[in-house]
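Notes follow once the structure below has been shown.
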Amino acid sequence: MRQALARLLERLALVLLYCGGVIVLIQAVWISYGVFMRYVLDSPDGMVTEATALMLVPVAFFGLAYALSNDAYPKVTLLRDLLPVKVQGIIDRINLLIMTLTGMFFSVSACEAAYRAFHSGAASEILLWPRFYFWIPVAISLLIFTLLAIVRLLNYEHPSRRVDAVQEAP
């Protein structure tokens, strides 16, 4: 059951990653359009700066779960690798616990911000886009990250065992 949940969360992390890529592509096109309008046609578009800045908020969080699923966060393992495997496992679990607790804190904060933005009707200053449009993807991203961190913590397996299992598979 936990393995199936982990696979589902990793697929969702990949979907979020692709959503972030699409938003970056939209931003690149929109910024290019803004530069063209400003410097070629001498008619600046006042929405470009705020729109691309607002879109950066969800993009900043879309890759969190994907990085966790691929163990892509930077680690300093110089001292950890010198320790016995059992101690390494304890350190890895503490690291995952810290990531889980941090994710929980930010998930609650983002969900509360989305809720408050929705009920307040707050909108961006120039575009008048509702702010909850930007908080909902952040909250979803953080919830998926937190759930994935919990599942990774519960299913912890030392990296050396995972590498051995991958090498023995073919």
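The values are calculated or read from the model by the stated rules, or taken from the named source; none is laboratory data. Since the model is a prediction, treat every value here as computed from it, not as a measurement. Positions of Cβ are generated from backbone atoms using ideal geometry, with glycine treated the same way; all protein chains shown enter the neighbour counts. To get the accessible areas, we keep the full protein, side chains included, count just its heavy atoms, and leave off ligands, DNA and RNA. Shrake-Rupley method; radii C 1.70, N 1.55, O 1.52, S 1.80 Å.
In this structure, is LEU127 open to solvent by less than 80 Å² (accessible area, probe 1.4 Å), among the hydrophobic types (A, V, I, L, M, F, W, C), touching a helix residue (DSSP H, G or I) at 6+ places or on another chain (Cβ under 6 Å) and modelled with pLDDT of 95 or more?
The answer is no for LEU127.
Quick check on my filter: what residues within region 60-78 are open to solvent by less than 50 Å² (accessible area, probe 1.4 Å) and outside any helix (DSSP H, G or I)?
GLY63, THR77 - these are the residues of region 60-78 that are open to solvent by less than 50 Å² (accessible area, probe 1.4 Å) and outside any helix (DSSP H, G or I).
Restricting the first residue to region 120-139 and requiring it to be within 22 Å of PHE106 (Cα to Cα), which pairs with a second residue that is open to solvent by 40 Å² or more (accessible area, probe 1.4 Å) and modelled with pLDDT of 90 or more meet a Cβ separation below 6 Å and a spacing of at least six or different chains?
PHE132/PHE118; VAL138/PHE61; ALA139/CYS111
Identify, please: which residue in region 79-95 is of a type outside the set (A, V, I, L, M, F, W, C) and either outside any loop (DSSP other than H, G, I, E, B) or in contact with a helix residue (DSSP H, G or I) (Cβ under 6 Å, 6 or more places away or on another chain) (or both) and is, among those, farthest from VAL22 (Cα to Cα)?
LYS86
Report whether or not ILE90 is touching an Asp or Glu at 6+ places or on another chain (Cβ under 7 Å) and open to solvent by 40 Å² or more (accessible area, probe 1.4 Å). Lay out the reasoning, then the answer.
Details: touching an Asp or Glu at 6+ places or on another chain (Cβ under 7 Å): no; open to solvent by 40 Å² or more (accessible area, probe 1.4 Å): yes.
So ILE90 fails the test.
Looking at (1) hydrophobic (A, V, I, L, M, F, W, C); (2) touching a helix residue (DSSP H, G or I) at 6+ places or on another chain (Cβ under 9 Å); (3) open to solvent by less than 80 Å² (accessible area, probe 1.4 Å), which one does ALA53 not meet, given that it meets all the others?
Failed condition: (2).
Tell me the residue from GLY34, GLY21 that is open to solvent by less than 30 Å² (accessible area, probe 1.4 Å), part of a helix (DSSP H, G or I) and among the small types (Gly, Ala, Ser), please.
GLY34
For region 4-18, give me the residue count where each residue is more than 20 Å from TRP135 (Cβ to Cβ) and either open to solvent by less than 40 Å² (accessible area, probe 1.4 Å) or in contact with a Leu (Cβ under 9 Å, 6 or more places away or on another chain) (or both).
Looking only at that region, the number is 4.
Which members of region 37-49 meet the condition of being open to solvent by 60 Å² or more (accessible area, probe 1.4 Å), in a loop (DSSP other than H, G, I, E, B) and in contact with a Gly (Cβ under 8 Å, 6 or more places away or on another chain)?
Here is the first cut: in region 37-49, the ones open to solvent by 60 Å² or more (accessible area, probe 1.4 Å) are 38-42, 44, 47, 49.
Narrowing further to those that are in a loop (DSSP other than H, G, I, E, B): 40-42, 44.
Scanning region 37-49 gives a single hit, PRO44.
Report whether or not ILE136 is open to solvent by 40 Å² or more (accessible area, probe 1.4 Å), touching a Gly at 6+ places or on another chain (Cβ under 8 Å) and either outside any helix (DSSP H, G or I) or modelled with pLDDT of 90 or more (or both).
No.
Checking ARG11 against (1) more than 18 Å from SER141 (Cα to Cα); (2) part of a helix (DSSP H, G or I), which single condition isn't satisfied?
Tallying (1) more than 18 Å from SER141 (Cα to Cα); (2) part of a helix (DSSP H, G or I), ARG11 fails exactly one: (1).
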